[in-house]
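Accompanying notes for the structure given below.
The values are calculated or read from the model by the stated rules, or taken from the named source; none is laboratory data. Not measured: the values here are computed from a predicted model. We place every Cβ from the backbone using ideal geometry, glycine too, and count neighbours over all the protein chains shown. Keep in mind that these areas ignore ligands, DNA and RNA; they rest on the heavy atoms of the full protein, side chains included. Shrake-Rupley method; radii C 1.70, N 1.55, O 1.52, S 1.80 Å.
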Amino acid sequence: MKKQIPILIVFVTGLIMVLQFFVPHAASEFLFTYANDFVIVIGILALPLGIFSLMRGTVIKARKDPRERFYAIVTIVGFLVMAIANFRRDSGPDSLAQNLFSYVMIPCQATIFSMLAFYIASAAYRAFRVRTWLATVLLVTAFIVMLRIVPLPEPFSSWNSSLVQWILAVPNMASKRAIIIGVGLGAISYSMKIILGIERGYMGGDK
Amino acid sequence: MRDGMAWYDRLLNIDRRWIYVLMALVVIVPAVRPFTVPVGISGEVRAVHEAIEAQPAGGVIHLAIDYDPSTLAELQPMAEAILHQCFDKDLRLVITALSQFGPAMVDELVTRVATEHGKQRDVHYAFLGYKPYPAITILAMGSDYRVPFPTDYYGTAVDAIPMMQDIHNFSDVACVVSLAGGNVADMWIQYGNAKYGVPVALGVTGVMASDYYPYLQSGQIFGLLPGVKGAAEYESLRERPGQASRGMPYQVTSHLLIIIAMIVANVGYIAQRRAHAGGR
């Protein structure tokens, strides 16, 4: 029963949700809305678990390794300050939450993302080499596509622009489409395995 | 040890920290000596501009600002240019933010641009805010905006917002323009367009752009703004240079450095291969 009941719930729910997608009726819409409320409720229930897990992991790490203590304090203080600031409902441009967001969160995330420029330059220097003919194709393609950004004199700019359009619209699209269709078919077969009870990883394994 | 290295070995073994230093220097160049970059307009960017331009005054556009601060530099200029265009044309805007770090950023941006145009919240635009689970939220909005958003970002009941009186779901909006730095873009295609048939256009980061060209050709999206270049093209169409146009010189210098790094590495690699082949 420990196995059969969850498999039955998944089978019935999965089947209903698949059918619901193709039925444009008010009852179907109601069912969908109702089912989505369950998803949100489950998500909210997982939130305290996530917070507990974050705090527990941070404290354990700080206890084991003195070098981690500073970062652990930053994590915990950062979490508490943001949580307290956001519990207050004043969302004006000068509120504490908005200021923390604008002057701490945005610069931190933007900084991390902009570091990519340095890593990409270093990676391009090391990876794009004419080792094989396939690597050469990759190198030449990258070279042409990157040149699109650079203002070249005419007619080179028009030629390069047309070539980039062709690369994006033909070889790129063919390969991307193959990947997308492959991933889609894979997702359908995996979902069917879950709905039919063949794949039981979500129950913690087959045992 | 290093002194005895052949020139091609030196070219192949440049310390990565030198590349970092060079990158830092080249991105400073446009700040010290500003220059402009001519931008050609691509069809996919023009399509988004024309679709919004074709709307009559009072028409409704859904602007989904689905990015977070990490991709702000690439996507915010698009959001700003589209907001300016919509307010210039007296269009009404339904705005949502399906990225969890987005709402505060969107609130600041929309309030600033709307104030600049003398537009009022709840009259000319409605900011519905954020809800978790983008796929579910998009599907629910297709049914009725009030299902996922009974109240807007500021806590006002959506039924009490004058602008929303005749707007119930995607059939009441001309199109959705989603500016996304992640897989929310896919969800707009899969659920917004495929299930409800609402025309969708996307603004994505430069690295994401190539993933969305198949959807452009299949007609599942009617337009695409790829990265800073796409945003700069949009600003050119608006004849209103902004952050993206100012950002293009930085793109040019950094791309040039990457191209030069690739050439240097390959000159060294080919010379090394020839030297080794000649030595056999």
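Restricting attention to the range B:25-52 and to residues that are buried (at least 17 other Cβ atoms within 10 Å of the Cβ) and assigned to a loop (DSSP other than H, G, I, E, B), the residue that is nearest to the other protein chains (Cβ to nearest Cβ) turns out to be B:VAL37.
Can we say B:ALA275 is farther than 22 Å from B:ALA180 by Cβ, among the small types (Gly, Ala, Ser), in contact (Cβ under 8 Å) with a residue 40 or more places away in the chain and more than 12 Å from every other protein chain (Cβ to nearest Cβ)? Walk me through it before giving the result.
Details: farther than 22 Å from B:ALA180 by Cβ: yes; among the small types (Gly, Ala, Ser): yes; in contact (Cβ under 8 Å) with a residue 40 or more places away in the chain: yes; more than 12 Å from every other protein chain (Cβ to nearest Cβ): yes.
Yes.
Within the range B:56-81, being within 24 Å of B:TYR145 (Cβ to Cβ) and among the hydrophobic types (A, V, I, L, M, F, W, C) holds for B:ALA57, B:VAL60, B:ILE61, B:LEU63, B:ALA64, B:ILE65, B:LEU75, B:MET78, B:ALA79.
Of the residues B:PHE149, B:PHE127, which single one is within 14 Å of chain A (Cβ to nearest Cβ), assigned to a strand (DSSP E or B) and open to solvent by less than 30 Å² (accessible area, probe 1.4 Å)?
Numbers: B:PHE149 fails: assigned to a strand (DSSP E or B).
Result of the check over B:PHE149, B:PHE127: B:PHE127.
The listed residues are B:ALA81, B:ALA114, B:ALA180, and the only one of them that is under 22 Å from B:GLY230 (Cα atoms), in contact with a Lys or Arg (Cβ under 8 Å, 6 or more places away or on another chain) and of a type in the set (Gly, Ala, Ser) turns out to be B:ALA81.
Any residue in the range A:51-58 that is open to solvent by less than 60 Å² (accessible area, probe 1.4 Å), more than 11 Å from chain B (Cβ to nearest Cβ) and closer than 30 Å to B:ALA135 by Cα? Quick ask: steps written out before the conclusion?
Keep residues of the range A:51-58 that are open to solvent by less than 60 Å² (accessible area, probe 1.4 Å), which gives A:55, A:57-58.
The next check asks that each one be more than 11 Å from chain B (Cβ to nearest Cβ); those that pass are A:55, A:57-58.
Among the residues that remain, those that are also closer than 30 Å to B:ALA135 by Cα are: A:55.
Among the residues of the range A:51-58, at least one is open to solvent by less than 60 Å² (accessible area, probe 1.4 Å), more than 11 Å from chain B (Cβ to nearest Cβ) and closer than 30 Å to B:ALA135 by Cα, which makes the answer yes.
All conditions in (1) over 25 Å from B:PRO214 (Cα atoms); (2) small (Gly, Ala, Ser); (3) within 10 Å of chain A (Cβ to nearest Cβ); (4) open to solvent by less than 40 Å² (accessible area, probe 1.4 Å) hold for B:GLY155, with the sole exception of (4). Tally up the residues in the range B:213-234 that are open to solvent by less than 10 Å² (accessible area, probe 1.4 Å) and in contact (Cβ under 8 Å) with a residue 12 or more places away in the chain, please. Residues that pass the stated criteria total 10.
Mind counting the residues in the range B:237-265 that are open to solvent by 50 Å² or more (accessible area, probe 1.4 Å) and under 17 Å from B:ALA79 (Cα atoms)?
Just the residues of the range B:237-265 that are open to solvent by 50 Å² or more (accessible area, probe 1.4 Å), to begin with: B:238-241, B:243, B:246, B:250, B:256, B:260, B:263.
Subsequent filtering for residues that are under 17 Å from B:ALA79 (Cα atoms) retains B:238-241, B:243, B:246.
Final tally of qualifying residues: 6.
When the range B:7-24 is filtered for residues that are among the hydrophobic types (A, V, I, L, M, F, W, C), facing chain A (nearest Cβ under 9 Å), in a helix (DSSP H, G or I) and open to solvent by 40 Å² or more (accessible area, probe 1.4 Å), only B:LEU22 remains. Every condition in (1) within 14 Å of chain A (Cβ to nearest Cβ); (2) in contact with a Lys or Arg (Cβ under 7 Å, 6 or more places away or on another chain) holds for B:PRO132 except the one numbered (2).
Taking the range A:14-49, which residues are among the polar types (S, T, N, Q) and open to solvent by 70 Å² or more (accessible area, probe 1.4 Å)?
In the first step, residues of the range A:14-49 are kept if they are among the polar types (S, T, N, Q); the result is A:20, A:28, A:33, A:36.
Of everything in the range A:14-49, nothing turns out to be among the polar types (S, T, N, Q) and open to solvent by 70 Å² or more (accessible area, probe 1.4 Å).
Pairs linking a residue in the range B:3-21 that is farther than 13 Å from A:ALA121 by Cβ to a residue that is polar (S, T, N, Q), with Cβ atoms under 6 Å and 6 or more positions apart or on different chains, are B:TYR8/B:GLN272. Looking only at the range B:185-212, which residues are touching a residue at least 40 places away in the same chain (Cβ under 8 Å), away from chain A (no Cβ under 12 Å) and open to solvent by 10 Å² or more (accessible area, probe 1.4 Å)? Within the range B:185-212, B:MET187, B:PRO199 meet the criteria.
Could you say whether any residue in the range B:80-96 is open to solvent by less than 10 Å² (accessible area, probe 1.4 Å) and within 14 Å of chain A (Cβ to nearest Cβ)? No, that holds for no residue.
Can you find, within the range A:98-113, the residue that is modelled with the highest pLDDT among those that are out of contact with any Pro (no Cβ under 9 Å at 6 or more places or on another chain) and at the interface with chain B (Cβ under 7 Å from one of its Cβ atoms)? Let's see the steps before the verdict.
Initial filter on the range A:98-113 (out of contact with any Pro (no Cβ under 9 Å at 6 or more places or on another chain)): A:98, A:100, A:103-104, A:111-112.
Checking the rest, the ones that are also at the interface with chain B (Cβ under 7 Å from one of its Cβ atoms) come to A:98, A:112.
Numbers: A:GLN98: 79, A:ILE112: 86.
By that ranking, first place goes to A:ILE112.
Being more than 14 Å from chain A (Cβ to nearest Cβ), among the aromatic types (Phe, Trp, Tyr), buried (at least 18 other Cβ atoms within 10 Å of the Cβ) and out of contact with any Cys (no Cβ under 8 Å at 6 or more places or on another chain) is a condition met by no residue of the range B:54-71.
Quick one: in the range B:130-146, of everything that is within 19 Å of A:PHE30 (Cβ to Cβ) and in contact with a Gly (Cβ under 9 Å, 6 or more places away or on another chain), which residue is surrounded by the fewest Cβ atoms within 10 Å (Cβ to Cβ)? Explain how you work it out, then say what you get.
In the first step, residues of the range B:130-146 are kept if they are within 19 Å of A:PHE30 (Cβ to Cβ); the result is B:131, B:133, B:135-146.
After this cut, where a residue has to be in contact with a Gly (Cβ under 9 Å, 6 or more places away or on another chain) as well, the list is B:133, B:138-139, B:141-142.
On the way: B:TYR133: 16, B:ILE138: 29, B:LEU139: 24, B:MET141: 29, B:GLY142: 20.
Here the answer is B:TYR133.
Condition (residue is part of a helix (DSSP H, G or I) and within 26 Å of the chain's Cα centre (by Cα)) applied to the range B:53-63: is it met by at least one residue? Yes - at least one qualifying residue is present in the range B:53-63.
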